[in-house]
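One structure is given here, and the rest of the page talks about it.
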Amino acid sequence: MSNRTFTMIKPDATAKGYTGAILDQIIKAGFSVKAMKWTRLTPEQAGLFYDIHRERPFFGELVEFMSSGPIVAAILEKENAVADFRKLIGATNPAQAEEGTIRKQFAASVGENAVHGSDSDENAMIEGDFFFSKLERF
Ligand code: IDP
């Protein structure tokens, strides 16, 4: 079991001014930040990040949304990071997310759902590498 995960605060949440509140909850939940950047994806980069979903009906919508504004990308560390972070953010669809989860509080819909959290240790590594060079993390 790895102790790192990768997250993005998505364009809906940065646009609504939720960045600080979301980061506050992440840090209070015990995650420490190992790398962080405020950036914006091109449609091509968003498509590469979500390549696994290329054949899904919502792929075009997802790429358009994820490149529509700034995001915050971060590598987070905590024991049992991947599973604990998925628990903290809640279900993909905020309507199904538990009370108190980040998506329940800040997400508008299944597509515009405020935050990303890696779904496995392997993907956490791949996704962290997508955004950060060795010099940008510790
Ligand atoms: P996850 O982010 O909770 O792991 P995934 O099923 O891996 O969920 O989907 C990746 C992202 O694709 C979601 O976070 C959401 O932004 C978007 N997405 C998933 N399902 C739908 C949908 O039915 N319509 C529009 N966007 C969707």
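The table below lists the values:
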item: Phe131 vs. criteria crowded, with 21+ Cβ neighbours inside 10 Å and over 16 Å from Ile22 (Cβ atoms); result: yes
item: Count of residues meeting criterion [modelled with pLDDT under 95 and surrounded by 14 or more Cβ atoms within 10 Å (Cβ to Cβ)] in the range 1-39; result: 1
item: Filter result (more than 8 Å from the ligand (Cβ to nearest atom) and touching a Gly at 6+ places or on another chain (Cβ under 8 Å)) within the range 60-79; result: Val63, Ile75, Lys78
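The values are calculated or read from the model by the stated rules, or taken from the named source; none is laboratory data. If you're wondering where the values come from, they're calculated on a predicted model, not measured in any experiment. Note that each Cβ is placed from the backbone with ideal geometry, even for glycine, and that neighbours are counted across all protein chains shown.
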